[in-house]
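The values are calculated or read from the model by the stated rules, or taken from the named source; none is laboratory data. All figures in this text were calculated on a predicted structure; none of them were measured in a lab. Using ideal geometry, Cβ is built from the backbone for each residue, glycine included, and neighbour counts are taken over all protein chains shown.
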Amino acid sequence: MARTIAIEGSSFSDARGGMKFFNSFNMKEVVRFYEIFPASTDIIRGWQGHQKEKKWFYCHTGSFVIQVVAIGTDPTPLNSKAQPERFELKGDIPLILEVPAGMATAFKAVTEGSKLMVFSNFTVEESTKDDFRYALETWDAQW
């Protein structure tokens with residue numbers, strides 16, 4: 001099974017200002033993107049899994065904790081004893097988290113006003129047909 005990959009970016013600044021960039025992020029597979037900005041840091045979004053869809057997560061403002069766990073090729077029955085892998089994305093550190101197909105994710109903002117960009121290789125219609133939802137208690141995630 002494919003593994004979650006951290007794609008490191010870089011930053012540059014001079015008298016004109018600054019920028020963050022991801023020259024190693026190949027966007028050929030991306031067909032859509034959206035931004036998530038939670039109402040509060042108390043909200044946990046997830047678990048949502050996809051057998052075929054691949055996603056990339058980028059926090060450009062604030063910070064998020066993202067939990068990732070394998071659901072495999074058969075989303076039921078699940079291995080509820082599997083330990084989610086924990087990642088923290090921060091707006092001031094250029095990093096994209098690539099989550100391959102066969103995984104479920106859950107995430108929450110750590111700081112108020114956080115914003116998360118999510119890129120997908122599926123259209124909304126394709127994603128809806130490959131969408132598996134699980135109760136937050138399914139896996140023991142450390143927030």
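Just a few scattered comments:
- Hits in segment 105-123 - residues which are closer than 17 Å to Q142 by Cβ and either at pLDDT below 95 or surrounded by fewer than 19 Cβ atoms within 10 Å (Cβ to Cβ) (or both): V110
- One residue stands out among those in segment 52-82 that are over 14 Å from the mean Cα position of the chain (by Cα), over 14 Å from F132 (Cα atoms) and small (G, A, S): the one that is surrounded by the fewest Cβ atoms within 10 Å (Cβ to Cβ), which is S80.
- Considering residues of segment 83-104 that are under 16 Å from the mean Cα position of the chain (by Cα) and assigned to a loop (DSSP other than H, G, I, E, B) only, the residue surrounded by the fewest Cβ atoms within 10 Å (Cβ to Cβ): I93
- Residues of segment 7-26 satisfying the condition of being of a type outside the set (S, T, N, Q) and exposed (fewer than 11 other Cβ atoms within 10 Å of the Cβ): F12, D14, A15, R16, G17, G18
- Filtered residues of segment 105-123 (kept if of a type in the set (A, V, I, L, M, F, W, C) and under 13 Å from the mean Cα position of the chain (by Cα)): A106, F107, A109, L116, M117, V118, F119
- The set of residues in segment 105-141 being without any contact (Cβ under 8 Å) to a residue 60 or more places away in the chain and either hydroxyl-bearing (S, T, Y) or assigned to a loop (DSSP other than H, G, I, E, B) (or both) consists of T105, T128, K129, D140.
- Total residues in segment 84-138 satisfying the condition of being under 18 Å from A6 (Cα atoms) and among the small types (G, A, S): the figure is 6.
- The one condition in (1) in a loop (DSSP other than H, G, I, E, B); (2) farther than 19 Å from L136 by Cα that C59 fails to fulfil: (1)
- Among the residues of segment 1-53, those that are aliphatic (A, V, I, L, M) and either part of a strand (DSSP E or B) or closer than 15 Å to I93 by Cα (or both) comprise I5, A6, I7, M19, I36.
- Some residue of segment 66-78 being within 20 Å of A141 (Cα to Cα), of a type outside the set (A, V, I, L, M), part of a loop (DSSP other than H, G, I, E, B) and in contact with a Gly (Cβ under 8 Å, 6 or more places away or on another chain): yes
- Residue within segment 81-96 that is of a type outside the set (D, E, K, R), in contact with a helix residue (DSSP H, G or I) (Cβ under 9 Å, 6 or more places away or on another chain), touching a residue at least 12 places away in the same chain (Cβ under 8 Å) and over 18 Å from E35 (Cβ atoms) present: no
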